[in-house]
Amino acid sequence: MTLQKIKKTYRKGAIGALTDEYEKALDELKVILLKISDDKFKRINEKASAQDFQSIRNIILHIISSGYVYANHIRKRFEDDYIIPELEVNSTEQGVFKLNEMFEYTVETFQDKWLLTDEELLNTIIKTSWTTYDLEALIEHSIVHILRHRLQIEKMIIKYGI
């Protein structure tokens with residue numbers, strides 16, 4: 001068996017590798033989303049414990065919003081300009097589009113940071129409202145956040161026939 005190259009080009013440095021994994025996590029999520037009708041995307045599951053997680057639409061809005069929050073924490077730490085977008089998602093296709101926009105914003109956040117050394121990554125401390133991270137840990141958290149919610153969506157599809 002041969003290992004097939006999934007991606008033709010890879011980003012540079014440790015941040016590049018993390019960004020490639022971030023993109024891979026989003027791509028896996030988008031494959032699932034594109035199989036869901038708009039009705040199922042918006043369907044409310046009232047058994048869910050929190051309103052943010054009562055529909056796939058709400059979960060996607062949460063992922064997008066969080067992605068901007070993570071990128072903005074990094075931008076603030078480096079004293080870069082940042083935005084807080086108004087988000088509205090009413091269809092699966094629009095959800096995928098907004099995920100892409102959020103990812104592009106994140107990539108722009110890293111434009112002058114691709115080649116930070118391991119020491120610089122570990123010594124770039126970012127305080128959020130929920131904890132304190134080094135830069136690498138915050139990026140890793142953002143990736144796992146997507147993976148966790150992708151799994152949540154997969155379980156919703158199976159359990160509730162969405």
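The values are calculated or read from the model by the stated rules, or taken from the named source; none is laboratory data. Treat the numbers as computed from the prediction; the structure is a model and nothing was measured. Note that we place each Cβ from the backbone using ideal geometry, even for glycine, and neighbour counts take in every protein chain shown.
Checking Glu23, Glu88 one by one, the residue that is of a type outside the set (A, V, I, L, M, F, W, C), exposed (fewer than 14 other Cβ atoms within 10 Å of the Cβ) and either modelled with pLDDT under 95 or within 17 Å of the chain's Cα centre (by Cα) (or both) is Glu88 and no other.
Might you check whether a residue that is more than 19 Å from Tyr82 (Cβ to Cβ), surrounded by 12 or more Cβ atoms within 10 Å (Cβ to Cβ), within 15 Å of the chain's Cα centre (by Cα) and without any contact (Cβ under 8 Å) to a residue 60 or more places away in the chain occurs anywhere in segment 129-139? Scanning segment 129-139, I find at least one residue that is more than 19 Å from Tyr82 (Cβ to Cβ), surrounded by 12 or more Cβ atoms within 10 Å (Cβ to Cβ), within 15 Å of the chain's Cα centre (by Cα) and without any contact (Cβ under 8 Å) to a residue 60 or more places away in the chain, so the answer is yes. Restricted to helices (runs of 4 or more DSSP H) entirely inside segment 10-83, those with at least 3 residues that are over 16 Å from Met156 (Cβ atoms) and not acidic (Asp, Glu) are 13-33, 56-77.
Here Glu104 fulfils each of the conditions (1) in a loop (DSSP other than H, G, I, E, B); (2) loosely packed, with under 15 Cβ neighbours inside 10 Å apart from (1).
Has segment 145-153 got any residue that is part of a helix (DSSP H, G or I), modelled with pLDDT of 95 or more and among the polar types (S, T, N, Q)? So far as segment 145-153 goes, no, none of its residues is part of a helix (DSSP H, G or I), modelled with pLDDT of 95 or more and among the polar types (S, T, N, Q).
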